[in-house]
Amino acid sequence: MSAVTDSAVARLESVLGANAIFVAKAANRELYALDGVSPTAFAKPASAEQAAEIVRFAAKENLSVIPIGARTKLFCAPTPARYDVALDLTALDDVAHYDPADLTVSVGAGMPLAKLNTMLREQNQFVPLLVPYYTQSTIGGTIAAGLDSPLRNAYGTPRDFLLGAEFIDGNGAQIKTGGRVVKNVTGYDLHKLLIGSCGTLAAITRLNFRTFPLPATTQGFLAAFPDYKSALSARQKVIHSPLVPLTLDVLNAQAARLFDGHTNGTAPIPEIDSNHWYLFTEFSGNEDLLARYKRELAEIADQSQAGDMHILEDSTALAAMAARLRESIAHFQEHFAAPVIVKLALPPAQHTQAATVLQSIADAAKLPIAVIARASGPILIATSLQSEHSASGEATDFPISFLFAREILTLARSFGGRAQLISAPPQIKPAYRTIFRESLASERTLARRIKSAFDPNNLFPTLDAPAAPPTPPKSETSQSPSPSLAAAAQTDLPPSPPTPPPSKQS
C-alpha cells in the first residue's frame with residue numbers, strides 16, 4: 001500500500017505552501033480514521049484549486065484519497081482498502097451566490113448545514129435537509145452520505161432541489177454540472193450521481209440548491225395505535241387524502257422512545273407503551289388550514305382505532321420532538337449496543353406486509369428492533385447485535401446477524417424494493433455490504449462504468465468493500481469519535497419546516 005513520504009510532502013509543499021498538507025501525528029490521524037483505518041497524512045486546502053492540485057498530485061504519486069467534511073457520517077462510507085490522504089474540505093465554506101428572489105443559493109461544500117439555514121432564515125427561506133447530526137454536518141458531507149430527511153414527504157429528496165455542483169474527478173479536473181437556476185434545459189444531471197456516493201466518485205467542492213419559504217405556523221399530531229396494521233392503515237388514509245403534511249411517519253415503540261424526555265413544552269405527551277405503534281406528523285399553514293389538519297387527522301386516527309391522540313401546538317415541544325426524529329440515526333447509534341442500521345426502500349402500500357416480516361424476524365432472532373416507516377417510501381430499521389440480556393456485553397453470534405441481513409434482503413426482493421446498509425460495526429461491515437450489494441446486482445455493471453468515468457485511477461474509495469477489513473497498526477485502531485447525540489440535538493434547532501409545495505408528491 002502506498003504511503004505519503006516526507007519527500008512527497010516536500011514536493012507538494014513547494015507547490016501549495018506548507019499549510020496545505022500535513023503528515024499527521026497519531027492523534028490527528030485518529031480524527032480522520034474510518035472504521036479504524038487512519039490516513040498517513042491529511043490535507044486542508046483553502047480553495048477548490050488547491051484541492052484539485054492535491055488530487056492531481058495524489059494521482060501522480062499513486063496515493064488514495066478520501067474526501068472528508070465534518071466527519072459526522074463516515075459510518076455510511078465503505079471500509080477503505082487504501083487510505084493515504086484525508087482531503088479535509090471544511091475550509092471551502094463560502095457563499096458564491098444567493099438570490100432570495102430567485103430562490104437559489106450556491107455554497108462551498110464545507111459550509112455547515114446549520115450555518116447555511118441560519119443565513120437563509122434571514123430571508124425566510126431554507127433548504128429542507130434536516131439530517132442526522134444536523135448542527136455539525138457540512139452540506140457536502142450531507143449530499144455525499146445521501147441520508148433522508150423526515151421532510152422528504154413534502155419536498156422529496158435532494159434530487160428534487162439540487163440544481164448543480166462543482167467537483168474534482170479522479171484526474172484532478174475541476175468539473176461543473178447543472179447550474180444555478182431552477183430550470184436547466186441542457187446537459188446531463190451528473191451532479192445527481194454525487195448524492196449518496198460517499199466520496200467514491202469525486203470530491204465535491206460546491207453545491208447549488210433551490211431554497212424554500214418558511215411558514216408562519218407549524219403544528220403536530222401524535223397518536224398511539226394498538227398494532228402496526230392500524231397505524232399504517234391510518235397513514236395510508238392520510239396519504240390518499242387531500243392533506244399534504246410536512247412529515248408523516250409511523251414508529252414502533254422501540255423507535256418512539258426517542259421522544260422520551262425531550263418534550264420540554266406544555267403539550268401533554270403520552271408515555272411510550274411497549275405494546276403500541278405511533279403515528280407522528282407535522283403540518284403547517286394558515287389558521288383555517290391548521291384547523292382542517294387537526295380535524296381530519298383526528299377523524300382518520302379514530303377510524304383506525306387510535307388510543308391516545310395529541311395535537312402538538314406548543315412550539316417548544318414540537319421542535320424538540322422534530323429534532324429527535326431528525327436525529328433518529330444518532331439516537332440508535334448511541335443507545336443500541338453494536339448497532340446495525342438499514343434503510344429498506346419499498347412502496348408505502350407494501351409497508352404493512354413488510355412490518356409483519358420485520359416483526360417475525362426480530363422475534364425469531366430475539367433482537368431488539370426499531371422501525372420508522374415513512375410515507376415517502378423508506379423504512380429505517382435499527383437493531384442491536386448485542387442481546388439485551390447479555391451481562392458480559394458480548395455481541396450476538398454473527399450468524400444470527402447475517403441471517404437478519406439476508407432476511408432484509410429477501411424482503412426487499414419480494415416487494416421490488418432495495419435494501420441499503422447505513423451503519424454496522426466495523427468487524428462485520430464489509431460482509432454486510434457484500435450481502436446488500438446483491439440487491440443492486442443488476443446495476444453493478446453500470447456503477448462500475450460510472451466509477452471508471454469519474455475516477456479512472458481508483459484514487460477515491462470503491463463501493464465494493466474488501467473481503468475482510470484491513471488490520472491497521474495497533475496505534476491506529478481507534479475509530480473517529482462519533483459526534484455525541486447531545487451535540488447533535490442541540491437546541492440550536494433548524495428553522496421551522498416550511499409550507500409544502502402546492503402539488504402533492506408521492
statement: Checked the stretch 310-350 for anything among the aromatic types (Phe, Trp, Tyr) and part of a helix (DSSP H, G or I); matches are Phe332
Residue satisfying all of: in the stretch 351-381; part of a strand (DSSP E or B) and of a type in the set (A, V, I, L, M, F, W, C); surrounded by the fewest Cβ atoms within 10 Å (Cβ to Cβ) among these: Ile369
- request: Name every residue in the stretch 80-113 that is in a loop (DSSP other than H, G, I, E, B) and touching a His at 6+ places or on another chain (Cβ under 8 Å), in order of residue number.
  value: none
- prompt: Of Asp302, Asp273, which residue is assigned to a helix (DSSP H, G or I), touching a strand residue (DSSP E or B) at 6+ places or on another chain (Cβ under 8 Å) and surrounded by fewer than 16 Cβ atoms within 10 Å (Cβ to Cβ)?
  reply: Asp302
query: Can you name the condition, by its number, that Lys366 falls short on among (1) at positive phi; (2) over 20 Å from the mean Cα position of the chain (by Cα); (3) modelled with pLDDT of 85 or more?
result: (3)
- request: Could you list, in sequence order, all residues of the stretch 209-218 that are in a strand (DSSP E or B) and either of a type in the set (Phe, Trp, Tyr) or open to solvent by less than 20 Å² (accessible area, probe 1.4 Å) (or both)?
  value: Phe209, Phe212
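So is Lys60 assigned to a helix (DSSP H, G or I) and over 23 Å from the mean Cα position of the chain (by Cα) or not? Don't jump to the end; show me each part of the working.
Working: assigned to a helix (DSSP H, G or I): yes; over 23 Å from the mean Cα position of the chain (by Cα): yes.
In short, yes.
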- line: Note on the stretch 78-98: residues open to solvent by 10 Å² or more (accessible area, probe 1.4 Å) and over 16 Å from Arg206 (Cα atoms) are Ala81, Arg82
message: Taking the criterion of being touching a residue at least 12 places away in the same chain (Cβ under 8 Å), of a type in the set (S, T, N, Q) and open to solvent by 10 Å² or more (accessible area, probe 1.4 Å), would at least one residue in the stretch 184-192 satisfy it?
response: yes
- prompt: Among the residues of the stretch 114-126, is any in contact with a Phe, Trp or Tyr (Cβ under 7 Å, 6 or more places away or on another chain), among the small types (Gly, Ala, Ser) and either touching a residue at least 12 places away in the same chain (Cβ under 8 Å) or not in a helix (DSSP H, G or I) (or both)?
  reply: yes
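A quick yes/no check of all residues on (1) at pLDDT below 95; (2) in a strand (DSSP E or B):
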{"residue": "Arg159", "(1), (2)": "yes, no"}
{"residue": "Lys176", "(1), (2)": "yes, yes"}
{"residue": "Arg180", "(1), (2)": "yes, no"}
{"residue": "Lys183", "(1), (2)": "yes, no"}
{"residue": "Lys192", "(1), (2)": "yes, no"}
{"residue": "Gly196", "(1), (2)": "yes, no"}
{"residue": "Leu207", "(1), (2)": "no, yes"}
message: It is to be established whether one or more residues within the stretch 382-398 are surrounded by 17 or more Cβ atoms within 10 Å (Cβ to Cβ), under 23 Å from the mean Cα position of the chain (by Cα), modelled with pLDDT of 85 or more and within 30 Å of Leu243 (Cα to Cα).
response: yes
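Only one of Leu246, Leu201 is buried (at least 23 other Cβ atoms within 10 Å of the Cβ), closer than 30 Å to Ala81 by Cβ and within 24 Å of the chain's Cα centre (by Cα); which?
Leu201
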task: Please list, ordered by first then second residue, the pairs with beta carbon atoms under 9 Å, 6 or more apart or interchain, first in the stretch 207-236 and at positive phi and among the hydroxyl-bearing types (Ser, Thr, Tyr), second open to solvent by 10 Å² or more (accessible area, probe 1.4 Å) and not in a strand (DSSP E or B).
output: none
task: Run Gln125 past the list (1) modelled with pLDDT of 95 or more; (2) surrounded by fewer than 22 Cβ atoms within 10 Å (Cβ to Cβ); (3) out of contact with any helix residue (DSSP H, G or I) (no Cβ under 7 Å at 6 or more places or on another chain) and report the number of the one that doesn't hold.
output: (3)
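The values are calculated or read from the model by the stated rules, or taken from the named source; none is laboratory data. Remember, predicted model here, so these are calculated numbers, not experimental data. Because the Cβ atoms are built from the backbone with ideal geometry, glycine has one as well, and the counts that use them run over all protein chains shown. SASA here: full protein model, heavy atoms, side chains in, ligands and nucleic acids out. Shrake-Rupley method; radii C 1.70, N 1.55, O 1.52, S 1.80 Å.
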